[in-house]
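Below is one structure, written out as structure tokens; comments come after it.
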Amino acid sequence: MEGGSEVNLELITSHKFAETTFTYNERDVAVYALGVGACARDAVDKDELKYVYHQDGQQFIQVLPTFASLLALGYSSHLADLPGLFYDPRLLLHGQQYIEIYRPLPSSCCIRSTASIVGLHDKGKAAVVDYEVVSYEKESGKPLCMNRMSVYLRGAGGFSKSSQPISYTKYPANQILAPKVLNRQPFTALLYRLSGDYNPLHSDPTIAEVAGFSRPILHGLCTLGFAIRAIIKCICGGDPNLIKAISGRFLLHFYPGETLITEMWLEGLRVLYKVKVKERNRTVLSGFVDISRLSSAL
Ligand SMILES: CCC/C=C/C(=O)SCCNC(=O)CCNC(=O)[C@H](O)C(C)(C)COP(=O)([O-])OP(=O)([O-])OC[C@H]1O[C@@H](n2cnc3c(N)ncnc32)[C@H](O)[C@@H]1OP(=O)([O-])[O-]
């Protein structure tokens with residue numbers, strides 16, 4: 001935000017984003033699954049092959065619930081249209097993600113999405129903007145999922161005039177957060193970006209350096225995809241349709257080639273999870289997943 005000018009909260013929160021449509025097919029679903037590590041260790045893993053192959057035809061493959069996050073991705077570039085919000089897009093980091101799944105995503109679909117701003121926070125050194133995207137099956141009009149994304153805009157805070165910094169939230173606080181060892185190959189981000197997030201922060205060493213990193217970092221949503229896949233495998237008995245809602249906060253950047261460790265704890269129908277980077281022994285992501293029922297495999 002610019003030179004101490006106060007942001008007009010009402011103008012920002014009433015901003016209307018254009019509706020978008022997004023069409024995906026079975027190939028996109030399979031490429032996404034591979035990008036978050038499905039079948040990477042075992043090409044015939046019975047819990048994971050279904051995300052990339054089905055003997056009766058590709059229309060029967062299953063869709064990982066985190067695929068839903070791709071339906072909201074396009075809106076991050078529209079934040080530049082927000083009136084009075086000025087930031088350097090190279091310093092943008094993905095802060096948090098919350099996903100509600102209303103029905104399993106079909107293996108191919110045309111999607112219509114609407115978006116609105118649901119949060120704005122002045123953190124002094126940064127601004128946090130929350131936006132919500134609801135996605136519908138275009139043909140039937142049925143709602144499929146809701147994504148809420150928080151972006152952390154470094155250097156864009158300090159826009160509140162009063163002594164009380166602006167902190168506006170339009171959604172329930174309890175959806176924000178509560179807080180196996182997997183080896184990853186260094187090309188993970190290059191494969192994952194084929195699912196549609198072409199931000200050069202994840203592929204270009206020069207851009208990564210401008211953003212303050214020694215080399216390109218992994219997409220937050222890719223880390224989330226790895227974590228939720230591990231939870232589906234370990235807690236849901238391999239059934240992705242048990243997932244109702246997913247929440248995560250990105251706490252630290254992750255470099256492809258490092259090792260992710262996902263730890264999880266079951267509390268009723270809520271799975272608390274934490275993802276650590278083994279080499280630095282630091283937590284990079286934490287959050288919760290709500291499931292509809294316990295798997296009989298537990
Ligand atoms: C979207 C499409 C583009 C995708 C890009 C990517 O994938 S990028 C790759 C994926 N993403 C990444 O790799 C990002 C990884 N995360 C990070 O690098 C760091 O967490 C950080 C730089 C976001 C903040 O660190 P820091 O040391 O500057 O922060 P601090 O601890 O001093 O807290 C200051 C205030 O901010 C609050 N707050 C803190 N964290 C978050 C958050 N995540 N979220 C929201 N809010 C957050 C905190 O509560 C506090 O508020 P309070 O209590 O004062 O009212």
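Here are the numbers for this structure:
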{"quantity": "Accessible surface, the chain, averaged per residue in Å² (probe 1.4 Å)", "calculated": "46 Å²"}
{"quantity": "From phi via Karplus (6.51, -1.76, 1.60), per-residue ³J(HN,Hα) for the range 19-36 in Hz, x at Gly/Pro", "calculated": "5, 10, 10, 8, 10, 10, 10, 4, 5, 4, 5, 6, 5, 4, 4, 5, x, 9"}
{"quantity": "Karplus-derived 3J(HN,Hα), 6.51/-1.76/1.60, for each residue of the range 85-94, Hz, glycine and proline x", "calculated": "9, 10, 7, 8, x, 6, 9, 6, 10, 6"}
{"quantity": "Per principal axis, descending, Cα span of the range 104-181 in whole Å", "calculated": "49, 37, 23"}
{"quantity": "Amide H contacts under 5 Å for E258, placed H, 5+ residues apart", "calculated": "none"}
{"quantity": "Relative packing of peptides 199-210, 247-258, 219-230 - highest average C-beta neighbours within 10 Å first", "calculated": "219-230, 247-258, 199-210"}
{"quantity": "Protein accessible area in the range 235-298, 1.4 Å probe - carbon and sulfur %", "calculated": "47 percent"}
{"quantity": "Structure-based [θ]222 nm, the chain - -39500 (n - 2.57) summed over DSSP H runs of at least 4, per residue, nearest 500", "calculated": "-3500 deg cm²/dmol"}
{"quantity": "Projected label distance in nm at A43 and S14, using a 7 Å step from Cα toward the beta-carbon", "calculated": "5.9 nm"}
{"quantity": "Pairwise centroid distance, computed over Cα atoms, of the range 257-286 with the range 136-154, Å", "calculated": "25 Å"}
{"quantity": "Carbon + sulfur, % of accessible area of the range 1-123 - ligands and nucleic acids excluded, 1.4 Å", "calculated": "52 percent"}
{"quantity": "Distance between modelled label sites at T114 and R90, nm, 7 Å Cα→Cβ extension", "calculated": "3.8 nm"}
{"quantity": "Calculated on alpha-carbon atoms, Rg and Dmax of the chain in Å", "calculated": "18.9, 63"}
{"quantity": "For the range 83-231, convex hull of alpha carbons as volume per residue, Å³", "calculated": "162 Å³"}
{"quantity": "K278-Y198 FRET efficiency (beta carbon distance; Förster radius 35 Å; 0.05 resolution)", "calculated": "0.80"}
{"quantity": "Sites Q59 and L266, calculated FRET efficiency, Cβ-Cβ separation with R0 41 Å, nearest 0.05", "calculated": "0.80"}
{"quantity": "Gained length - R103 relative to N174, 0.36 nm times residue gap less alpha-carbon distance", "calculated": "23.4 nm"}
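The values are calculated or read from the model by the stated rules, or taken from the named source; none is laboratory data. Keep in mind it's a predicted model, so treat the numbers as computed, not measured. Cβ sites come from the backbone with ideal geometry, for glycine too, and all protein chains shown count toward neighbours. These accessible areas exclude ligands, DNA and RNA; they are computed on the full protein's heavy atoms, side chains included. Shrake-Rupley method; radii C 1.70, N 1.55, O 1.52, S 1.80 Å.
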